[in-house]
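Some notes on the structure that comes next.
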Amino acid sequence: TFTVTRGPHYSVDAVTLTGNTALTDVEAGEILGMKQGDPFVEGTMNARAADLQNVYRARGYTRAAVKPSAGVLPSPAGGSADRGVEIGIAIDEGPRVAVRSVLFEGSTVLSEAELRTLTTPSAGAVFSLADVVNSRDRIELEYRNRGYETVSVEWTVVPGANDSEADVRYTIAEGPQSTIDHIIIIGNERTSTETITNELLFREGDPVGYSALLNSRTRLAALGLFRRVDIQALQHTGESLRDVLIQVEEADPTSFGIGGGAEMAFRTRTGDDGLAEERVEFAPRGFIEIGRRNLWGKNRS
């Protein structure tokens, strides 16, 4: 037995912001997304305040703090079950931080110029933690595409003396480069090996590139010849050598289709009086088709 006591209904009466100078009340209000008359839910209020704080930090206010509070208004006359809630959003923006410099340590494969093309933070730009993390991921991906499977890229932020500037430092541990020794293809009974290798974006002797392996799998799947395609790099006897195993499961080469319908058209016919007249005619339509793909194992249909 569940006994439910609803209690009074709480709705937003007003939203008040204090301490905001970088964002106007309208901009901050759009981010918060709470307006008069909305049902008051404490979890929603806290989540929207966290969203506003993230926006501040993405714009360089790394120490911004947004603290919500709620005050319940007195009960209205007449004993109504509805209660109003005043929401207060206290904002402590803090200083806006700019990037003073971007430093790279431990890189021997990529030049500093190449690394800078992969990083969004630059000297004088507004500091954004999201940009720092995304740039770290791009550097790591570039190394993995060049065969450095165990690369590690760490970032640190060193605040300046006046808290309005910061240095961003990326420390790179490259590790060994892995290259492809053999390409092994199994599971192709009807499909020729050449048809498969033509879709690969890597060859024996190339680095084990992450994107090359992933995109090659996509290209093979797009042929429509296989139910399943799996590509993985296998550990070789040598530390820097890998064998790439390509496993395919071929799809049925025969396709069969059937369908039906009706056609309506206006056609000119000679009437009983010998004059031309337009008539509406109906006719049934249908089709049967049989297709054969991957003829001679060469992706012909």
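Laboratory data are not the source of any read-out in this text; all were calculated from the coordinates shown. All figures in this text were calculated on a predicted structure; none of them were measured in a lab. Backbone-built Cβ (ideal geometry, glycine too); neighbour counts: all protein chains shown.
Quick look at the numbers
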read-out	value
Using distinct alpha-carbon pairs, which all enter the 1/r mean, Kirkwood radius of the range 52-141 in Å	16.6 Å
Potential lengthening between Val72 and Asn215 on full extension [0.36 nm per residue; Cα-Cα distance subtracted]	45.8 nm
Kirkwood estimate for the range 212-300, i.e. one over the average of 1/r between Cα atoms, Å	18.6 Å
Spin-label pair Thr5/Thr270, simplified geometry with 7 Å Cα→Cβ offset, distance in nm	9.4 nm
The range 35-103: equivalent-ellipsoid semi-axes (sqrt of 5 x gyration tensor eigenvalues, Cα, Å)	37, 10, 7
Mean Kyte hydropathy of -1.0 or more with a Cα span along the axis of at least 18 Å, helices from DSSP in the chain	42-58, 129-145, 210-222
Cβ-based net charge around Glu140, under 13 Å, with every Lys or Arg adding one and every Asp or Glu removing one	-1
Cα pair distances of the chain binned at 20 Å [whole percent]	21, 26, 30, 20, 3, 0
At 0.890 mPa s and 25 °C, Stokes D of the range 99-236 from Kirkwood alpha-carbon radius, µm² per second	141 µm²/s
